[in-house]
1. Please work out how much length the chain gains when fully extended from Gln37 to Ala91, using 0.36 nm per residue of separation minus the C-alpha to C-alpha distance, in nm with one decimal.
2. Taking the simple approach of a point 7 Å from Cα along Cα-to-Cβ for both Thr109 and Ser80, what is their distance in nm?
3. P(r) for segment 59-108: what percent of alpha-carbon pairs falls in each 10 Å bin, starting at zero?
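Please treat every number below as a calculation from the coordinates, not as lab data. Since the structure is predicted, the reported quantities are computational estimates derived from the model, not experimental observations. Cβ coordinates were reconstructed from backbone atoms using ideal geometry, including for glycine residues, and neighbour counts include every protein chain displayed.
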Amino acid sequence: MEQFWPTHSVDAVDILRRPVTLGDMPKSKLRKKVQEQHAHVQEVVDHAPHGPLESPKWLAPTMVGSFLVGLFWIVTFYVSQTQYPIPNIGAWNMLVGFAFIAFGFSLATKWR
């Protein structure tokens with residue numbers, strides 16, 4: 001801590017002889033309030049265990065299977081010139097294939 005002495009004269013000689021340090025400065029009320037809030041938040045924090053560290057065994061095969069079914073569905077739709085996998089729904093077969101792929105992506109977000 002750096003100390004300094006005032007250079008101007010004051011009637012109170014004791015004040016001049018005592019060095020002024022930065023530690024003597026009062027803390028602001030706002031800083032005290034923030035520190036109290038942080039202390040309170042730290043006490044309230046719940047130390048509940050987090051989710052599982054590993055994903056379930058079924059998740060990865062289901063995810064990959066969903067990707068592959070969606071891909072196969074779309075490829076079949078194009079190769080069969082829009083007649084298969086489900087006839088009479090036309091381009092909605094694309095939606096079905098992408099729905100399988102989207103389901104695979106939703107499972108991928110849960111994979112650890």
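1. Length difference between fully extended and current span is 13.6 nm.
2. Each label point lies 7 Å from its Cα, and together they span 3.1 nm.
3. With a bin width of 10 Å, the distribution comes to 32, 46, 20, 2.
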